[in-house]
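Have a look at the structure below before the remarks.
The values are calculated or read from the model by the stated rules, or taken from the named source; none is laboratory data. Predicted, not measured: the structure shown is a model, and the values here were computed from it. Note: ideal-geometry Cβ built from the backbone for every residue, glycine included; neighbour counts use all protein chains shown.
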Amino acid sequence: MKHLLFWHLLMATLFSCQNKHFVDSLFYNGRIYTVDKDSTVAEAMLVHDGMIVAVGDEEILLRAYDVKERTDLKGKTVFPGFIDAHCHFYGYGMNLSQVDLVGTKSWNQVIDSVSAYAIAHNDGWIIGSGWDQNDWEKKNFPNKTELDVLFPDRPVFLKRIDGHACIVNQKTLDLAGIDHHTKIVGGEVMLVDGTPSGVLLDNAMDSIEKLIPKPSIEVVKDALIRAQD
């Protein structure tokens, strides 16, 4: 009888172990706010590969999981990550690899910055942002003439600081099929003496932005890392 009981206990133990899941970490003895629809507060949390696997009572969780590491929270509170939903984190990172025109005091300074960038990056689109003609002594919108001379074969796209205007060169206009006849609802192709000046307003920028090649995964990763520094 004793032998039979022993084997039953052994088989039950083996069966229990075989059905358990293995996870990296258990955080217990805390106040873990789950922010679910019932505002549940749990005492323990399981984590595996950096992801939350389960929350609940420590004893119940340990019936279903084996853990490598245990951390006593000692009654401390755990909240979900706080996220600033309007920091434009990705855009900020991408801007770091483009021409920074914030604070330029004249169109000549813009041209100098773009020229320096073009030397360091000798192929592909020239993309920048941050200029504002309201900061210049001459507050008129710029003209693409110098961009056409300097970059006849490379598309240039320079967005104003507020994102509601940009200036491009003739190469970019040609790629987008924009000329003095182009009419765009919700936007404007600005003309000087009946010819596009290179300045596009609001929705007129959409036809340009959709032409810009999407960055590779490597470029995106690099941008996100830069944004963290």
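Details
- PHE141 touching a strand residue (DSSP E or B) at 6+ places or on another chain (Cβ under 6 Å), more than 22 Å from PRO213 (Cα to Cα) and either of a type in the set (Phe, Trp, Tyr) or not assigned by TED's automatic domain parsing to the domain that holds LEU211 (or both): yes
- The stretch 85-127, residues that are among the small types (Gly, Ala, Ser) and under 23 Å from LYS221 (Cβ atoms): ALA85, GLY91, GLY93, SER97, ALA120, GLY124
- Any hit, the stretch 197-208, residues being exposed (fewer than 12 other Cβ atoms within 10 Å of the Cβ) and either touching a residue at least 24 places away in the same chain (Cβ under 8 Å) or over 20 Å from the mean Cα position of the chain (by Cα) (or both): no
- Subset tally (residues that are without any contact (Cβ under 8 Å) to a residue 12 or more places away in the chain and either closer than 12 Å to PHE22 by Cα or not charged (D, E, K, R) (or both)) for the stretch 64-94: 8
- The listed residue being at pLDDT below 90 and polar (S, T, N, Q), out of SER25, SER115, SER97, SER106: SER97
- Strands (runs of 3 or more DSSP E) completely within the stretch 153-229 that count 2 or more residues being within 26 Å of ALA116 (Cα to Cα) and either modelled with pLDDT of 95 or more or not assigned by TED's automatic domain parsing to the domain that holds ASP100 (or both): 156-160, 165-168, 195-202
- Restricting VAL102, VAL114 to those that are in a helix (DSSP H, G or I) and touching a strand residue (DSSP E or B) at 6+ places or on another chain (Cβ under 6 Å) reduces the list to VAL114.
- Cβ-Cβ under 7 Å pairs, at least 6 apart or on other chains, the stretch 107-124 side more than 15 Å from PRO152 (Cα to Cα) and crowded, with 17+ Cβ neighbours inside 10 Å, far side modelled with pLDDT of 95 or more and hydroxyl-bearing (Ser, Thr, Tyr): VAL110/THR104; SER113/THR104
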